[in-house]
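*Asks:* Let me begin by handing over the structure; questions about it come next.
The values are calculated or read from the model by the stated rules, or taken from the named source; none is laboratory data. This is a predicted model, so every value here is computed, not measured. Cβ placement follows ideal geometry from the backbone for every residue including glycine, while neighbour counts extend to all protein chains displayed.
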Amino acid sequence: MPTTQRKAVDMKWLAISGLVLCATLSTITLAHGWTLWIEHDVTHVYSNKISDASGNWMLQGVFATFEQCSAGKRQSWQRVMNEYDDLSRYPAIASVSSIQDEAVFAELGKRQNVIGGHQNQHFHCLPDSLDPRSRH
């Protein structure tokens, strides 16, 4: 086969392969949904200077699109912030701050043998193929 014909055949197969790859990626992207996770991170510091930490992930919902997941994340963040509107209901918490739609940071106050710490919540929209619990 002459070189020009071989190049034409190679280009044809390259173009077909590219189209198949694009179609496959489009299907994969459309088939995947999004999951909303809340990552809880808690640390206590005790008067004897010993501390403990724990963390876990809680699945909050599954969404068809990233935009829907982001709206769910916004609602979850707002719900948590509303819980902390009246800190008198949470005597262990000294103060609360946040990054809008992303995280809530609750600083623990002094009580009994606890001299500090935090209870943080981070909100994540992840592709449904990722399970953050397997990262730890």
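*Asks:* Evaluate the range 46-63: report whether one residue or more is in contact with a strand residue (DSSP E or B) (Cβ under 9 Å, 6 or more places away or on another chain), over 23 Å from PRO127 (Cα atoms) and among the acidic types (Asp, Glu).
*Replies:* Yes.
*Asks:* Only residues that are in contact with a Leu (Cβ under 9 Å, 6 or more places away or on another chain) and not in a loop (DSSP other than H, G, I, E, B): list them for the range 81-105, please.
*Replies:* Hits for the range 81-105 are ILE93, ALA94, SER95, VAL96.
*Asks:* If you scan the range 33-80, which residues turn out to be assigned to a helix (DSSP H, G or I) and among the aromatic types (Phe, Trp, Tyr)?
*Replies:* Within the range 33-80, PHE66, TRP77 qualify.
*Asks:* Looking at LYS73 and the list (1) over 30 Å from HIS32 (Cβ atoms); (2) touching a strand residue (DSSP E or B) at 6+ places or on another chain (Cβ under 8 Å); (3) among the basic types (Lys, Arg), which single condition is not satisfied?
*Replies:* (1) is the only condition that LYS73 fails.
Each row is one residue, and each column tells you yes or no for (1) of a type in the set (S, T, N, Q); (2) surrounded by 15 or more Cβ atoms within 10 Å (Cβ to Cβ); (3) without any contact (Cβ under 8 Å) to a residue 40 or more places away in the chain; (4) farther than 18 Å from THR35 by Cβ.
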{"position": "ALA53", "(1), (2), (3), (4)": "no, no, yes, yes"}
{"position": "TRP57", "(1), (2), (3), (4)": "no, yes, no, no"}
{"position": "GLN68", "(1), (2), (3), (4)": "yes, yes, yes, no"}
{"position": "GLU83", "(1), (2), (3), (4)": "no, no, yes, yes"}
{"position": "ALA94", "(1), (2), (3), (4)": "no, yes, yes, yes"}
{"position": "GLN119", "(1), (2), (3), (4)": "yes, yes, no, yes"}
{"position": "SER129", "(1), (2), (3), (4)": "yes, no, no, no"}
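*Asks:* Something else about it: State which residue is surrounded by the most Cβ atoms within 10 Å (Cβ to Cβ) when the search covers only the range 96-117 and only residues that are under 18 Å from SER47 (Cβ atoms) and small (Gly, Ala, Ser). Before the answer, list the steps.
*Replies:* Applying the first criterion (under 18 Å from SER47 (Cβ atoms)) to the range 96-117 yields 107-117.
Cutting the leftovers down to small (Gly, Ala, Ser) gives us 109, 116-117.
Working: GLY109: 16, GLY116: 15, GLY117: 19.
Restricting to residues being under 18 Å from SER47 (Cβ atoms) and small (Gly, Ala, Ser), the top hit is GLY117.
*Asks:* Still on this structure, please answer the following. Could you tell me which residue of the range 32-79 is farthest from LEU130 (Cα to Cα), considering only residues that are modelled with pLDDT of 95 or more and aliphatic (A, V, I, L, M)?
*Replies:* ALA71
*Asks:* Now, a different point. For the range 93-100, indicate whether the set of residues that are in contact with a helix residue (DSSP H, G or I) (Cβ under 8 Å, 6 or more places away or on another chain) and within 30 Å of ASP128 (Cβ to Cβ) is non-empty.
*Replies:* Yes; the residues of the range 93-100 include at least one that is in contact with a helix residue (DSSP H, G or I) (Cβ under 8 Å, 6 or more places away or on another chain) and within 30 Å of ASP128 (Cβ to Cβ).
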